[in-house]
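*Asks:* Questions regarding the structure given below will be posed in turn.
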Amino acid sequence: MFRKVHLYLTALCAGITTAILIVMSLLYLYLSEKELYENQFRSFQNDISTISTSLEQQSVISMEWLSKMEARGGYTFYALDNGIPFLYNRLTSASESTEIRSLLDDCLEIYRNDPVSSYMFETDAGDSPYNTCVHSEFTFHPEGGKDEYHVSVIELNRGTSSLQILVLSPLDFLRGRIKRQRVRFLLIDFAAILLLSLFSFFFTGKLLQPVIESRKKQTEFVAAASHELRTPLAVILSAAECCRGADSEKQNRFLDTIRQEGDILTNLVNDMLTLSASDSQRFSCHPAPLELDTLVINTYEAFEPLAAEKKLSLSIALPEESLPCCTADADRIVQLLSILLHNALSYTPEGGRIDLILSHKKNRFYLTVSDTGVGIAPEDKKKIFDRFYRAEKSRSAKGHFGLGLSVAAEIVKLHHGSVSVTDRPGGGSVFTVMLPG
């Protein structure tokens, strides 16, 4: 299931970013190409203005001048004197294709039929041999052709005579430049899409990892809970069955067994409900100013009879100076201490010692529960706060399901504190809880 979700999220993430990338690339290419065309057209107009100014100062248009202008600008010139082609055009037309001559004729036809649609400039000839000089520029697309040209028609008038020069500038180099730019963008976009797809795959994988871990823990939690629930339920059902036909004395023993297993079952369900509330962010906590030393003393007094009953020595240590108030939930802190003390009582052999210590340093409170019990193996210390985790053999006691320390860790987390476990010199464990002031 998660594999399909991973692939769907990858496709969605990569698809959205790819669509945005393509749209932005197309928009940039459109604006860039438009600007290239406009810049090229303005450059062509500037060249034509320079050519027109040069023409105004000449009384005779030589073939040498025309050839020089063509070579310098990469242009094709077509000159007519009162509508009659120059000898220059007749000499060069033999080597030119019919297509080029047809293009020139088409450009002249457009100029004659609709000169207003082009960019037209008129200048005063001044001291030149001509009365007026008009030049008009436009872009020409031949019908059925892929080529494109910038065209200018320069018209100089002198009395009743008229000189027309048509300048044709092919845009092959500009189209080639645009084509190369498109190919570069295509390659860049392809590489970017590939990288985005890989990034999306790993990114969505990272996003799903907490969900996968949560699902895995949930599955393990349900499996472990089912296993733990099965044992007390089996004992209860077995004891209830044995009550049938038993005498009153045996029935009382069976009923005591049912009650004990029911208590165990109740504690297990309560711990599971607590952890479930924590997972769903419904774990209630009502911090308030709290005299932590008073709370520790009350907890110590509540557990002292239990310790004496198990022949264990329970001691308490408090700071000599008065302590500031600690902002915490009193009920949750009592629950936390109860879990730690219950663990210490359960895993400390007869004649052992348990110390409950409260200290205050640098605006932080430290609650320590130290015992001389069986201790915790180094490999178990990292997992001791996991749900349903119990160290093997010595730390597996009846009635302990590996949930107490998980609940304790959630309480500490709720108070923005920390909890750790270390070895006690000489054997045993030391649980230390840090709470902010």
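*Asks:* Of the conditions (1) over 30 Å from Ser54 (Cβ atoms); (2) out of contact with any Phe, Trp or Tyr (no Cβ under 6 Å at 6 or more places or on another chain); (3) among the hydrophobic types (A, V, I, L, M, F, W, C), Ile212 satisfies every one except a single condition; which number is it?
*Replies:* Going through (1) over 30 Å from Ser54 (Cβ atoms); (2) out of contact with any Phe, Trp or Tyr (no Cβ under 6 Å at 6 or more places or on another chain); (3) among the hydrophobic types (A, V, I, L, M, F, W, C) one by one, Ile212 breaks only (2).
*Asks:* Consider Val334 against the criteria (1) touching a helix residue (DSSP H, G or I) at 6+ places or on another chain (Cβ under 7 Å); (2) among the hydrophobic types (A, V, I, L, M, F, W, C); (3) touching a residue at least 60 places away in the same chain (Cβ under 8 Å): it satisfies all of them except one. Which criterion is unmet?
*Replies:* (3)
*Asks:* So Phe365 clears everything in (1) modelled with pLDDT of 80 or more; (2) hydrophobic (A, V, I, L, M, F, W, C); (3) outside any strand (DSSP E or B) except one condition, right? Which one?
*Replies:* So the condition that Phe365 fails would be (3).
*Asks:* Further question on the same structure: For the range 299-320, name all the residues that are free of Cβ contacts under 8 Å to residues at least 12 places away in the same chain and exposed (fewer than 13 other Cβ atoms within 10 Å of the Cβ).
*Replies:* The answer is Glu301, Pro305, Ala308, Glu309, Glu320.
*Asks:* Follow-up. Output the residues belonging to the range 28-76 that are at pLDDT 85 or above and outside any helix (DSSP H, G or I).
*Replies:* Tyr75, the sole residue that qualifies.
*Asks:* Output the residue which, of all residues in the range 342-370 that are of a type in the set (Ser, Thr, Tyr) and within 13 Å of Leu323 (Cβ to Cβ), is nearest to the chain's Cα centre (by Cα).
*Replies:* Tyr366
*Asks:* Does Arg182 satisfy the criteria of being of a type outside the set (S, T, N, Q) and in contact with an Asp or Glu (Cβ under 8 Å, 6 or more places away or on another chain)?
*Replies:* So Arg182 fails the test.
*Asks:* Further, regarding this structure: Checking Ser200 against (1) surrounded by 12 or more Cβ atoms within 10 Å (Cβ to Cβ); (2) at pLDDT below 80; (3) of a type in the set (Gly, Ala, Ser), only one condition comes out false. Which one?
*Replies:* Looking at each condition in turn, Ser200 falls short on (2).
*Asks:* Quick check, is Leu186 modelled with pLDDT of 85 or more, surrounded by 14 or more Cβ atoms within 10 Å (Cβ to Cβ), under 55 Å from the mean Cα position of the chain (by Cα) and closer than 24 Å to Lys34 by Cα?
*Replies:* no
Yes/no per residue for (1) assigned by TED's automatic domain parsing to the domain that holds Gln164; (2) of a type in the set (D, E, K, R); (3) closer than 30 Å to Cys107 by Cβ; (4) surrounded by 11 or more Cβ atoms within 10 Å (Cβ to Cβ):
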{"residue": "Gly15", "(1), (2), (3), (4)": "no, no, no, yes"}
{"residue": "Val23", "(1), (2), (3), (4)": "no, no, no, no"}
{"residue": "Phe41", "(1), (2), (3), (4)": "no, no, yes, yes"}
{"residue": "Ser52", "(1), (2), (3), (4)": "no, no, yes, yes"}
{"residue": "Glu70", "(1), (2), (3), (4)": "yes, yes, yes, yes"}
{"residue": "Leu80", "(1), (2), (3), (4)": "yes, no, yes, yes"}
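*Asks:* Filter the range 141-156 down to the residues that are touching a strand residue (DSSP E or B) at 6+ places or on another chain (Cβ under 6 Å) and farther than 18 Å from Glu70 by Cβ, then identify the one that is surrounded by the most Cβ atoms within 10 Å (Cβ to Cβ).
*Replies:* Ranking the qualifying residues of the range 141-156, first place goes to Leu156.
*Asks:* Sticking with this one: Just checking, which of Ser161, Ser117, Ser136, Ser152 is closer than 22 Å to Ile51 by Cα, polar (S, T, N, Q), at pLDDT below 75 and assigned by TED's automatic domain parsing to the domain that holds Phe77?
*Replies:* Criteria check complete, one pass: Ser117.
*Asks:* May I pose another question? Only one of (1) in contact (Cβ under 8 Å) with a residue 24 or more places away in the chain; (2) part of a strand (DSSP E or B) is not met by Glu155, so which one is it?
*Replies:* Condition (1) is where Glu155 drops out.
*Asks:* Let me ask another. Among the residues in the range 264-277, are any more than 19 Å from Ile411 (Cβ to Cβ), modelled with pLDDT of 90 or more and of a type in the set (A, V, I, L, M, F, W, C)?
*Replies:* no
The values are calculated or read from the model by the stated rules, or taken from the named source; none is laboratory data. Bear in mind the structure is a predicted one, so any value in this text is a computation, not a measurement. Virtual Cβ from ideal backbone geometry, glycine too; neighbours counted across all protein chains shown.
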